[in-house]
Amino acid sequence: MMYKKARIASAGILFVFFLAGSGLLTVSPPVYSDEIKPAAILDSFDISDLNTSFSRLHYLISFGPDQKAVSAIKVRLGSTNPQVRFAAIYLLIHIAGEAETALLLEAVKDPVPAFRTIAAGALIGLGERSAFPLLIDALRSDEGLPYSDPPKPLRAFSQQTLEAYVAEESRPAGADGWDDWWVTHQERLMWSDSLKRYVLH
């Protein structure tokens, strides 16, 4: 079985699943003119109006990895404003393909642990095994998933991401066994195109 990188980053899908329950994604994306720029949408992310902020982000997501969006993300991953960095990472995990791997590798260096974990969830779906330790570390986190209401634990996102990408027969027996599992099996992990998951070989 050949190791191949996955073509999608489903951390975005899982993150939407967590937010949908809070009603944050119930507003249809508004229609924007060509004058609206990705940079402006990222810069305008506002926690006091999350419905509008997420609707605007999903407007950008509908276009996929547009070059203007990718360029805007690249600049804003280094922003001093955590809201702007979150918006950039949120957009990135939804549009990332192999070409955006380098940006995700930058995002997993974010000073906010939750942001790192979200980015790691996308990296794992692009065949980057280096993301496993970040997700495993997050299993012990008491932090909440950003902007989830009611608050949802980051460890639940991490657990679901690991389970989504590791075949059931290849996982540790219990939720507490991921550390030892990684140390023992990291070199045996291979991506299965047919299963769309990692398996042990």
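The values are calculated or read from the model by the stated rules, or taken from the named source; none is laboratory data. Worth saying up front: this structure is predicted, and the values here are computed from it rather than measured. Using ideal geometry, Cβ is built from the backbone for each residue, glycine included, and neighbour counts are taken over all protein chains shown.
Kindly evaluate A175 against the criterion of being over 13 Å from the mean Cα position of the chain (by Cα), modelled with pLDDT of 90 or more, surrounded by fewer than 18 Cβ atoms within 10 Å (Cβ to Cβ) and small (G, A, S).
Working: over 13 Å from the mean Cα position of the chain (by Cα): yes; modelled with pLDDT of 90 or more: no; surrounded by fewer than 18 Cβ atoms within 10 Å (Cβ to Cβ): yes; small (G, A, S): yes.
So A175 does not fit the description; no.
For region 26-122, give me every one of the helices (runs of 4 or more DSSP H) that falls completely inside it and has 1 or more residues that are modelled with pLDDT of 95 or more, of a type in the set (D, E, K, R) and within 26 Å of F132 (Cα to Cα).
On the way: elements: 38-43, 50-61, 67-76, 82-95, 101-107.
Correct list: 67-76, 82-95, 101-107.
Might you let me know whether region 89-99 holds any residue that is surrounded by fewer than 24 Cβ atoms within 10 Å (Cβ to Cβ) and more than 25 Å from A167 (Cα to Cα)?
Yes, region 89-99 contains a residue that is surrounded by fewer than 24 Cβ atoms within 10 Å (Cβ to Cβ) and more than 25 Å from A167 (Cα to Cα).
Hey, does region 187-194 have a residue that's of a type in the set (K, R), loosely packed, with under 15 Cβ neighbours inside 10 Å and either assigned to a helix (DSSP H, G or I) or modelled with pLDDT under 90 (or both)? Please lay out each step first, then the result.
First, the residues of region 187-194 that are of a type in the set (K, R): 188.
Those still in the list that are loosely packed, with under 15 Cβ neighbours inside 10 Å too: 188.
Applying the additional criterion that residues be either assigned to a helix (DSSP H, G or I) or modelled with pLDDT under 90 (or both) yields 188.
The answer is yes; a qualifying residue exists.
What residue, among those in region 145-155 that are in contact (Cβ under 8 Å) with a residue 24 or more places away in the chain and out of contact with any Lys or Arg (no Cβ under 9 Å at 6 or more places or on another chain), is surrounded by the fewest Cβ atoms within 10 Å (Cβ to Cβ)? So that I can check it myself, show each step before the final result.
Taking region 145-155 and keeping what is in contact (Cβ under 8 Å) with a residue 24 or more places away in the chain, we get 145-150, 152, 154.
Still in the list and also out of contact with any Lys or Arg (no Cβ under 9 Å at 6 or more places or on another chain): 146-150, 152, 154.
Working: P146: 23, Y147: 21, S148: 18, D149: 13, P150: 7, K152: 18, L154: 24.
Top of the filtered list is P150.
Considering only residues that are free of Cβ contacts under 8 Å to residues at least 24 places away in the same chain and crowded, with 19+ Cβ neighbours inside 10 Å, which ones fall in region 100-130?
R116
Inspect region 131-138 for any residue being surrounded by 20 or more Cβ atoms within 10 Å (Cβ to Cβ), in contact (Cβ under 8 Å) with a residue 60 or more places away in the chain and not basic (K, R) and give the result as yes or no.
no
What do you reckon, is T161 assigned to a helix (DSSP H, G or I) and closer than 27 Å to I47 by Cα? Talk me through it step by step, then tell me what you get.
Working: assigned to a helix (DSSP H, G or I): yes; closer than 27 Å to I47 by Cα: yes.
When the stated conditions are applied, T161 passes them.
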